[in-house]
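Remarks on the structure that follows.
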Amino acid sequence: MVWATKKIKYCSIFLLVIYAVVCISGVAYIATSTLMPYHLEYIGMSSADVQNFSMKLHNLIVAVLKLLGVYMLMMSVLAIVITLIPFRRGERWSWISTFIVGLILLIAQLAVTFYIGPWIKWVNVGATVLFLAAMLIPVRDFFSKR
């Protein structure tokens, strides 16, 4: 593998860590059969309470969570592939693509989780800050005249 620069190499490792965590989160959402603990904390009900209120509502929420998991898994796999090959080579288009995919993944999650719970939002804040640092540190390496 031909590395463009050391900055790109190290920043790509940070990106891969972020996207691996998003992959794991996506798999957890796909595998769930109930609401996540922070969802239940937000609505102030137990899973049994939601099921007793309306089983159809419970099933709808679980289906939406599973779809969210598929979205997170697919977007993170796309980002991993782009990061592993063209991003590490320093190809300009890959920086733009990685930045857009990362913003779609992380900013959307950050916006939603700020309303959901007191502790889960800080995980997303940390991931977003790490993502922005990993994208902005090597930006000159991607866009300098060659």
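Just a few scattered comments:
- Checking each residue in region 40-58 for being within 23 Å of residue 120 (Cβ to Cβ) and free of Cβ contacts under 8 Å to residues at least 60 places away in the same chain picks out 40, 43, 44, 45, 46, 47, 48, 49, 50, 51, 57, 58.
- Test: residue in region 5-18 that is at pLDDT below 90, out of contact with any Gly (no Cβ under 6 Å at 6 or more places or on another chain) and over 19 Å from residue 140 (Cα atoms): no
- Positions within region 1-52 being of a type in the set (Gly, Ala, Ser) and in a helix (DSSP H, G or I), in sequence order: 12, 20, 25, 26, 28, 31, 47, 48
- Check on residue 144, surrounded by fewer than 16 Cβ atoms within 10 Å (Cβ to Cβ), hydroxyl-bearing (Ser, Thr, Tyr) and under 21 Å from residue 39 (Cβ atoms): no
- Among residues of region 80-122, those that are within 13 Å of the chain's Cα centre (by Cα) and either modelled with pLDDT of 90 or more or under 17 Å from residue 138 (Cβ atoms) (or both), counted: 7
- Pairing residues of region 1-30 that are without any contact (Cβ under 8 Å) to a residue 60 or more places away in the chain and closer than 14 Å to residue 102 by Cβ with residues that are of a type in the set (S, T, N, Q) and part of a helix (DSSP H, G or I), at Cβ distances under 8 Å and at least 6 apart in sequence or on separate chains, gives 23/76.
- The sole residue among 64, 129, 77 that is under 24 Å from residue 7 (Cβ atoms), aliphatic (A, V, I, L, M) and either modelled with pLDDT of 85 or more or surrounded by 14 or more Cβ atoms within 10 Å (Cβ to Cβ) (or both) is 129.
The values are calculated or read from the model by the stated rules, or taken from the named source; none is laboratory data. Here the structure is a predicted model, which means the values were calculated and not measured. Glycine gets a Cβ as well: all are built from the backbone with ideal geometry, and neighbour counts include every protein chain shown.
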